[in-house]
1. Report, by residue number, each residue of segment 69-105 that is at positive phi and either without any contact (Cβ under 8 Å) to a residue 12 or more places away in the chain or open to solvent by 40 Å² or more (accessible area, probe 1.4 Å) (or both).
2. Are there any pairs with C-beta distances below 6 angstrom linking a residue in segment 43-57 that is closer than 16 Å to R96 by Cβ to a residue that is assigned to a strand (DSSP E or B) and among the aliphatic types (A, V, I, L, M), with the two at least 6 apart or on different chains, and if so which?
3. Return yes or no: is L124 at pLDDT 95 or above and among the hydrophobic types (A, V, I, L, M, F, W, C)?
4. Is it the case that L87 is of a type outside the set (F, W, Y), part of a loop (DSSP other than H, G, I, E, B), out of contact with any helix residue (DSSP H, G or I) (no Cβ under 6 Å at 6 or more places or on another chain) and under 25 Å from S9 (Cβ atoms)?
5. Within segment 89-112, can you find the residues that are modelled with pLDDT under 95, out of contact with any strand residue (DSSP E or B) (no Cβ under 7 Å at 6 or more places or on another chain) and not small (G, A, S)?
6. Exactly one condition in (1) out of contact with any Asp or Glu (no Cβ under 8 Å at 6 or more places or on another chain); (2) in contact (Cβ under 8 Å) with a residue 24 or more places away in the chain; (3) loosely packed, with under 15 Cβ neighbours inside 10 Å is false for K66; which is it?
Amino acid sequence: MLRSLASGSLPSSFSVLSNLKQLYIEDGLSGSLPAAVGRMTSLESLQINGCPLGGSLPSEMKFLAKLLTLEITSSNITGSLDPIQPLTQLQRIQIRRGRLLGSIPSGFSRFSNLNQLVLDDNALSGTVPGKWAGLTSLSILQ
């Protein structure tokens, strides 16, 4: 866990931690989430809370095939949720108090193990896709 970083961004060199399973960062991290995070292929949990991160979710996140939990709270993350559509093994997605735009991708209907989807306080639009009726594990939708 990285807690209360003085300031600065997550260096791309962090990606050499290819066996890291959990990354929890709280407070102080700025900049954007580097594309190199996609090289952390053993990552099961990525939690970033209270950091003024900007930019969009990197498309390289699609390589995080073991990621089960994605939590980003109180950030300035912008853009769409498209980069995480390939991560069908996700069980918990919480991206709260950010600046996400667009609609919730219908591709999320393939997340058969998803039990929590919390996207409140973003700028998302549209309706919940009808295909989501098959998400029988989903217990929290906010």
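The values are calculated or read from the model by the stated rules, or taken from the named source; none is laboratory data. This structure is a prediction, so every number in the text was calculated from the model and none was measured. A quick note on method: Cβ atoms are made from the backbone with ideal geometry, for glycine too, and the neighbour counts reach across all protein chains shown. Areas reflect the complete protein model, heavy atoms only, side chains present, ligands, DNA and RNA absent. Shrake-Rupley method; radii C 1.70, N 1.55, O 1.52, S 1.80 Å.
1. The initial filter retains those residues of segment 69-105 that are at positive phi, namely 74, 79, 97, 102.
Those that are at positive phi and either without any contact (Cβ under 8 Å) to a residue 12 or more places away in the chain or open to solvent by 40 Å² or more (accessible area, probe 1.4 Å) (or both): S74, R97.
2. Short answer, once both residue conditions are applied: L46/L23; L46/L70; I48/I25; I48/I72.
3. Values: at pLDDT 95 or above: no; among the hydrophobic types (A, V, I, L, M, F, W, C): yes.
Here the answer is no, as L124 does not meet what is asked.
4. Working: of a type outside the set (F, W, Y): yes; part of a loop (DSSP other than H, G, I, E, B): yes; out of contact with any helix residue (DSSP H, G or I) (no Cβ under 6 Å at 6 or more places or on another chain): yes; under 25 Å from S9 (Cβ atoms): yes.
Criteria met by L87.
5. Within segment 89-112, the first condition is being modelled with pLDDT under 95, and the residues that meet it are 95-112.
Next, only the ones that are out of contact with any strand residue (DSSP E or B) (no Cβ under 7 Å at 6 or more places or on another chain) stay: 105-112.
Matches in segment 89-112: P105, F108, R110, F111.
6. (1)
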